[in-house]
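Beneath this line is the structure, given in structure tokens, with notes to follow.
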Amino acid sequence: MYPENTPHVPAQRAVEVHHPAPLPPAVPVAAPVVPVQPNAVPAMASIVLPDGRVVTGYAINPAQPEPVAAKPAVSRAAVNVALGGVGFLAVCGGLILLTSFIAALTAFITQLIILAGVIFGGWIAVQLFSASGHQGGAGTTVNIRKAVIKRSNFRG
């Protein structure tokens, strides 16, 4: 702690004591006094020094730190995950609706084809059965008198 070859011991060191010096009283300057209403009455503080004197003055308010930006209640990552999940469910629901619409459209087109087949097949059946009922069997018309006459001409 002390360098070697020093002739004094710690008890022999000189001690300096500093005492605060009182401020001289302010000299009032003759200035016009304008009454002004203060915004707020500042707080007064008194401090008792070790020698018994009392110092009174205005208290200095500590500097207020800048307000920190408020964090959102929910993290951005959680919001992004939730929005992604909602979007995914919307896409899945849309695909299910699209699939059911395609299935219903396919069933409707199939029923239209079957209906057209039944109507067209019925029309063909009516044509076949009505032609065979009026012409007698094979569907070809034969005039027997002309055939006989022609036959007679060949014998002659």
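The values are calculated or read from the model by the stated rules, or taken from the named source; none is laboratory data. Remember, it's a predicted structure, so these values are computed and weren't measured experimentally. Reconstructed Cβ throughout: ideal geometry from the backbone, glycine too, with neighbour counts over all protein chains shown. These area figures cover heavy atoms from the full protein model, side chains too; ligands, DNA and RNA do not enter into them. Shrake-Rupley method; radii C 1.70, N 1.55, O 1.52, S 1.80 Å.
Test of understanding: what is the full-extension gain from Phe101 to Val118, defined as 0.36 nm times their sequence separation minus their Cα-Cα distance? Walk me through the intermediate numbers first.
Numbers: separation 17, 0.36 × 17 = 6.12 nm, distance 2.57 nm.
Contour length minus Cα-Cα distance gives 3.6 nm.
Can you tell me how much longer the chain between Ser75 and His19 gets when fully stretched, taken as 0.36 nm per residue apart minus their C-alpha distance, in nm with one decimal? Don't jump to the answer; show the numbers that get you there.
Details: separation 56, 0.36 × 56 = 20.16 nm, distance 5.79 nm.
Going from the current span to full extension adds 14.4 nm.
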Ordered by packing density, taken as the mean number of other Cβ atoms within 10 Å over each peptide's residues, highest first, how do 65-78, 112-125 rank?
112-125, 65-78
Solvent-accessible area of Thr110 with every protein chain in place, 1.4 Å probe, in Å² to the nearest 10
70 Å²
